[in-house]
Amino acid sequence: MEDMGFILASYIATFVGSVALAAYYLRRGRRLAAQLPPEDKPWT
C-alpha cells in the first residue's frame, strides 16, 4: 500500500492530460473551422 500515492497520482495525471489534450483539439478545430468559407463546410 505504500505505492498508492504514486499510482493515484499517475491516474490523475493521465486523466488531466487526456482532458487537456481533448480541450486543445476541440478549441483548435473550432478555430480552424471558423476560417473556412461556408461552401467548404459539409456539416452545415
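No value in this document is a laboratory result; all are computed from the given coordinates. What you see is a predicted model; the values in this text were computed from it and never measured. Don't worry about glycine lacking a Cβ; one is built from the backbone with ideal geometry, like all the others, and counts go over all protein chains shown.
Every helix of 4 or more DSSP H residues in the chain counts as -39500 (n - 2.57), and over all residues that averages to -25500 deg cm²/dmol at 222 nm. Computed about the Cα centre, the dipole magnitude for the chain is approximately 360 debye when only Lys and Arg (+1) and Asp and Glu (-1) carry charge, each at its Cβ. Relative to the dominant Cα principal axis of the chain, helix 4-34 is inclined by about 10°. State whether the chain is rounded, prolate or oblate according to the following rule on the C-alpha gyration tensor (a ≥ b ≥ c being the square roots of its eigenvalues): a/c under 1.5 gives rounded; otherwise a/b larger than b/c gives prolate, and the remaining case gives oblate. Prolate shape, in that a/c is at least 1.5 and a/b is the bigger ratio. Select from Ala23, Ser10, Ala34 the residue farthest towards the positive end of the dipole of the chain; place +1 on Cβ of Lys and Arg, -1 on Cβ of Asp and Glu, and compute about the Cα centre. The Cα lying farthest towards the positive end belongs to Ala34.
Note on Met4 and Leu32: the extension gain reaches 5.9 nm, defined as 0.36 nm multiplied by sequence separation minus the Cα-Cα distance. Just to verify a number: FRET efficiency for Thr44 and Ser18, C-beta to C-beta distance, R0 = 22 Å, to 0.05? Result of the calculation: an efficiency of 0.15.
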